[in-house]
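Following: one structure in structure tokens, then a few remarks.
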Amino acid sequence: MSFAIADNLKCQTWRHALARSVIIDTETTGLRLRDEPVEIAVIDFASGEPLFDRLIAPQHTPVSDGARAIHGISDDELAGQPSFADVAPELQSVLWGRTVLGWNVNFDLTMLLETAKRQRCAITWMKTLRPFCAKTAYVREVGGWRSPDDFDWISLADAADSTGIDWRGRARHRALTDCQLTRELVMTRWINATKTQPSTQPATQSTTQSTTQSTTQSTTRGQQ
């Protein structure tokens with residue numbers, strides 16, 4: 001099964017669908033297909049109310065050091081938590097037939113799909129989902145004709161910064177917080193676009209590299 005990802009927020013059909021959508025985010029044991037979710041959150045797009053927010057005990061793959069450094073979820077927090085199979089029926093009832101919005105949503109849905117297969121959960125209901133990728137929509141807006149792959153390095157925090165959203169002080173890289181930040185980004189940048197004029201330029205790698213080179217050159221001169 002693959003997910004056909006929509007990304008055109010200027011399409012009125014999709015703007016209307018988003019008003020009835022949900023937002024999903026996952027934190028995982030890693031980035032490989034054999035990794036598993038350790039936290040899943042879903043919120044209602046229109047109201048921002050949480051519909052699902054659970055820690056999930058991985059059954060086959062331990063949390064990698066790299067993943068733990070990002071989301072900070074400890075083994076103690078996961079001890080005694082339900083498995084994905086335990087919560088799958090509840091998650092299915094929340095997501096069934098919905099437009100599902102997310103930042104790099106294909107990663108989240110693929111992770112759920114692969115985990116469901118390994119734990120022998122039903123997967124046919126996932127065909128009812130209508131995914132919408134906020135990251136691809138953002139990249140297409142700021143990158144124009146360039147491939148979204150050219151902007152793979154852009155994070156949700158980068159997009160929030162360029163949109164004028166102050167996300168600092170929030171619990172970044174936790175599922176519920178990232179759902180809320182994604183909602184704020186979409187609301188500010190597209191839904192309320194007539195009221196807000198966010199920047200269309202993301203922070204760039206070239207700027208960062210230039211600054212780094214300048215600093216290095218200055219330091220070298222000072223040491224000579």
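Any idea which of Ile154, Ile123 is hydrophobic (A, V, I, L, M, F, W, C) and touching a Leu at 6+ places or on another chain (Cβ under 7 Å)?
Values: Ile154 fails: touching a Leu at 6+ places or on another chain (Cβ under 7 Å).
Going through Ile154, Ile123 in turn, just one is hydrophobic (A, V, I, L, M, F, W, C) and touching a Leu at 6+ places or on another chain (Cβ under 7 Å): Ile123.
Looking only at segment 113-140, filter to residues that are touching a strand residue (DSSP E or B) at 6+ places or on another chain (Cβ under 7 Å) and outside any strand (DSSP E or B); which one of those is surrounded by the most Cβ atoms within 10 Å (Cβ to Cβ)?
Step by step, filter segment 113-140, then rank; the result is Thr115.
In segment 141-166, which residue that is assigned to a loop (DSSP other than H, G, I, E, B) and either β-branched (Val, Ile, Thr) or closer than 20 Å to Glu39 by Cα (or both) is modelled with the lowest pLDDT?
The residue in question is Ile154.
In the list Gln180, Gln217, which residue meets the criterion of being out of contact with any Cys (no Cβ under 7 Å at 6 or more places or on another chain), surrounded by fewer than 16 Cβ atoms within 10 Å (Cβ to Cβ) and either at pLDDT 55 or above or not aromatic (Phe, Trp, Tyr) (or both)?
Working: Gln180 fails: surrounded by fewer than 16 Cβ atoms within 10 Å (Cβ to Cβ).
None of the other options fit; the residue is Gln217.
Where residues in segment 33-67 are assigned to a strand (DSSP E or B) and in contact with a Phe, Trp or Tyr (Cβ under 8 Å, 6 or more places away or on another chain), which of them is farthest from Met187 (Cα to Cα)? Lay out the reasoning, then the answer.
Step one: list which residues in segment 33-67 are assigned to a strand (DSSP E or B), which gives 37-44, 50-55.
With in contact with a Phe, Trp or Tyr (Cβ under 8 Å, 6 or more places away or on another chain) added as a condition, the list becomes 37, 40-42.
Working: Pro37: 27, Ile40: 22, Ala41: 19, Val42: 17 Å.
So, considering only residues that are assigned to a strand (DSSP E or B) and in contact with a Phe, Trp or Tyr (Cβ under 8 Å, 6 or more places away or on another chain), the one farthest from Met187 (Cα to Cα) is Pro37.
When you look at Asp7, is it surrounded by 14 or more Cβ atoms within 10 Å (Cβ to Cβ) and modelled with pLDDT of 95 or more, yes or no? Give the derivation first.
Details: surrounded by 14 or more Cβ atoms within 10 Å (Cβ to Cβ): yes; modelled with pLDDT of 95 or more: no.
No: the conditions fail for Asp7.
The values are calculated or read from the model by the stated rules, or taken from the named source; none is laboratory data. On a predicted model such as this, the values are computed, not experimentally measured, just so you know. Reconstructed Cβ throughout: ideal geometry from the backbone, glycine too, with neighbour counts over all protein chains shown.
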